[in-house]
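The values are calculated or read from the model by the stated rules, or taken from the named source; none is laboratory data. In this text, all values refer to a predicted model and were calculated from it rather than measured experimentally. Glycine gets a Cβ as well: all are built from the backbone with ideal geometry, and neighbour counts include every protein chain shown.
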């Protein structure tokens, strides 16, 4: 059974890989290349992102295997921590129902994020996506959620504007494009 922090880390990895897949197979070809903009920079950035996410997955798997073989110092001295059953744990599977629901919600939010970009643009769709996923991961500090969800897509949007690469446009993208020109 995975620990709660390992579940969260695995959810982050799944989300990153789903994000890279959605960008590579649908978003970049559909919006960047089809609009006549050079797809070199977005494709390069997406490959770097996908490779780093894959490295993160490999590191997570290796670290988890190493942790399984180790005995803590307290256990070595004879102290055994009592086993506390996880709530909503599936019988015989070793994965909690809550974990499965979170993974399904993350995947669903990735697909909603991709399709919302067509209608409301990259910035607002990404803002909604980041708010939803940080809530799913368990963050409850609204100040952190709002700041992270505003700053990250704004930085990505500015980088893409400086590279003269297009993203799905909405109100924020059009305003920034007019300000940069």
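Here are the numbers:
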| item | result |
| --- | --- |
| Residues (part of a helix (DSSP H, G or I), under 19 Å from residue 170 (Cβ atoms) and in contact (Cβ under 8 Å) with a residue 24 or more places away in the chain) located in the stretch 19-35 | 19, 22, 23, 26, 27, 31, 32 |
| Subset of the stretch 36-62 (residues that are touching a residue at least 40 places away in the same chain (Cβ under 8 Å) and assigned to a helix (DSSP H, G or I)) | 41, 42, 53, 56, 57, 60 |
| Check on residue 158, loosely packed, with under 15 Cβ neighbours inside 10 Å and farther than 24 Å from residue 105 by Cβ | yes |
| Filter result for residue 134 (without any contact (Cβ under 8 Å) to a residue 24 or more places away in the chain, within 14 Å of the chain's Cα centre (by Cα), within 17 Å of residue 15 (Cβ to Cβ) and surrounded by 15 or more Cβ atoms within 10 Å (Cβ to Cβ)) | yes |
| Where residue 86 falls short, out of the listed (1) part of a loop (DSSP other than H, G, I, E, B); (2) at pLDDT 85 or above; (3) surrounded by 12 or more Cβ atoms within 10 Å (Cβ to Cβ) | (2) |
| Every residue from the stretch 164-178 that is within 15 Å of residue 113 (Cβ to Cβ) and free of Cβ contacts under 8 Å to residues at least 24 places away in the same chain | none |
| Among (1) modelled with pLDDT of 85 or more; (2) touching a helix residue (DSSP H, G or I) at 6+ places or on another chain (Cβ under 6 Å); (3) farther than 19 Å from residue 29 by Cβ, the one test that residue 112 misses | (2) |
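Matching residues to (1) closer than 29 Å to residue 98 by Cα; (2) over 16 Å from the mean Cα position of the chain (by Cα):
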{"position": "14", "(1), (2)": "yes, no"}
{"position": "27", "(1), (2)": "no, no"}
{"position": "31", "(1), (2)": "no, yes"}
{"position": "40", "(1), (2)": "no, yes"}
{"position": "43", "(1), (2)": "no, yes"}
{"position": "61", "(1), (2)": "yes, yes"}
